[in-house]
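Taking it in order: structure first as structure tokens, then the write-up.
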Amino acid sequence: MFQIEELCRIAGKENVACDELLSKHTTFRIGGRAKYFVSPLYIEDFVEAVAYIRKEKQPYFIFGNGSNLLAYDKGYDGVVLATHMPNREIEEAEGKVAMDALVFMPPGDIRRKQFSELESSGELSQKTFVFAGSGIMLSGMANRVGKKGLAGFEFASGIPGTLGGAVTMNAGAYGGEIKDRILGAMLLFPDGTRRYCHKDELELGYRTSLIQKDSLVVLWALFAFGEGDVSEIVQKMQELNARRKEKQPLQYGSAGSTFKRPEGHFAGKLIEDAGLRGFRVGDVMVSEKHCGFVVNVGDGTYDEARQVIEHVQKTVQEKFGVWLETEVKLVE
């Protein structure tokens, strides 16, 4: 029989909340209350929590930074497992790895021996390995990687999600994608087993992966970076973030780019050409600034967001014969 006290034991009582408002945790600023909201500090506790929830056959949803989600106004009658909580410091614990761990392993670091197959590669042997827990914010990781003088992750400096979600959907921006730098990831399978999968096994494509298709869970990932000039890296990140502020409606709640890019087209251009710029239902609308974004300009609701998204899909399909697939996941 399911007992919330057991989740409190596993994750720590202070990391378990009841009737937690999801709108507080989503960038869309929409969502009702989750029956239970659990945010384990360590990967080992997270795995144990998942195992217990599955054993007791409780509905659950794994939640990163809430940056790519649309949550139901009536809430979620189950357990939301959060891999990240802002403004929280995680102390080291013997035998445990923090959800937001970030470990730099330069050439010669003894810790690289556990990745001996990769270490023996001539090209990789000269690069710095970076181990990252699934709960770390991608933007924070990019900034720390860049300030270490490691190049190639600048594109991620403005992406608001966690590493786990970013790997799952092969997140990218401005010509860069997760698959460009990742070496592999430790995955949690539905039967409770864990296995390290190399990059080629992850089947990383445009906003998709094996992880997404098979409902797997990223626990941590390994990356490789070469050296660069710190000042040039920081300057590039600043330039990319300035472009984001100029072109994206960051002042409003949103789930980021609402639609995937259809082959041969740009979603925002199709939406604009369909005459949908500014289309609005209640407090949710197609952004005036960038038509690829559906934004919450006030006290928007789940139903309003669904109506806007579905109207955009239907109209674009009718006018251009192109179906816009959403990037946004639904929490119902």
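Coordinate-derived values only; no laboratory data. All of these numbers come straight from a predicted model, not from anything done at the bench. Glycine gets a Cβ as well: all are built from the backbone with ideal geometry, and neighbour counts include every protein chain shown.
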Check your understanding: So for 197, 8, 18, fewest C-beta neighbours within 10 Å to most, what's the order?
Key -> 18, 8, 197
Study note, to complete from the structure: In vacuo Debye sum over C-alpha of the chain, base-10 log of normalised intensity I(q)/I(0) at q = 0.08, 0.11, 0.13 Å⁻¹, listed in q order, is -0.39, -0.75, -1.03
Point to revise | FRET efficiency, residue 232 to residue 103 (Cβ-Cβ, R0 35 Å, nearest 0.05) | key: 0.90
Exercise for review: Whole Å is fine, so just give me how far the alpha carbon centre of the stretch 56-71 lies from that of the stretch 99-159.
Suggested key: 27
Review point. For 239, 91, what ranking results if the residue with the fewest other Cβ atoms within 10 Å of its Cβ goes first?
Key: 91, 239
Exercise for review: Mind checking which of 43, 130, 98 is farthest towards the positive end of the stretch 40-184's charge dipole, using Cβ charges of +1 (Lys, Arg) and -1 (Asp, Glu) about the Cα centre?
Suggested key: 130
Check your understanding: Which values of log₁₀ I(q)/I(0), to two decimal places, follow from the Debye formula for the stretch 102-233 at q = 0.09, 0.19, 0.22 Å⁻¹ with a uniform point scatterer at every Cα?
Key -> -0.24, -1.09, -1.41
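Mind giving me the FRET efficiency for residue 244 and residue 113? R0 is 45 Å, r the Cβ-Cβ distance, nearest 0.05 is fine.
It comes out at approximately 0.70.
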Point to revise | Note, ³J(HN,Hα) from phi for the stretch 145-155, Karplus 6.51, -1.76, 1.60, rounded to Hz, x at Gly and Pro | key: 4, x, 6, 7, x, 9, 9, x, 10, 4, 4
Point to revise | Of all DSSP beta bridges in the stretch 1-91, antiparallel share, percent nearest 5 | key: 40
**Study point:** FRET efficiency, residue 251 to residue 272 (Cβ-Cβ, R0 22 Å, nearest 0.05)
**Key:** 0.65
Exercise for review: Grab the other residues whose beta carbon is less than 9 angstrom from that of residue 68, score K and R as +1, D and E as -1, and report the net.
Suggested key: 0
Study note, to complete from the structure: Between residue 3 and residue 93, the two model label points (7 Å from Cα along the beta-carbon direction) sit apart by a distance in nm of 1.9
Check your understanding: Dipole of the chain, Cα-centred, from +1 at each Lys and Arg C-beta and -1 at each Asp and Glu C-beta, to the nearest 20 debye?
Key -> 420
Point to revise | Beta bridge orientation in the chain: antiparallel %, DSSP, nearest 5 | key: 80
Check your understanding: Can you list residues whose amide H is under 5 Å from residue 326's amide H, if they're 5+ apart or on another chain and H is modeled 1.01 Å from N?
Key -> 260
Study note, to complete from the structure: Spelling it out for residue 205: with amide H atoms placed in the peptide plane at 1.01 Å from N, the residues 5 or more places away or on another chain with amide H under 5 Å from its amide H are none
Review point. By counting other Cβ atoms within 10 Å of each Cβ, how are 287, 125 ranked from fewest to most?
Key: 125, 287
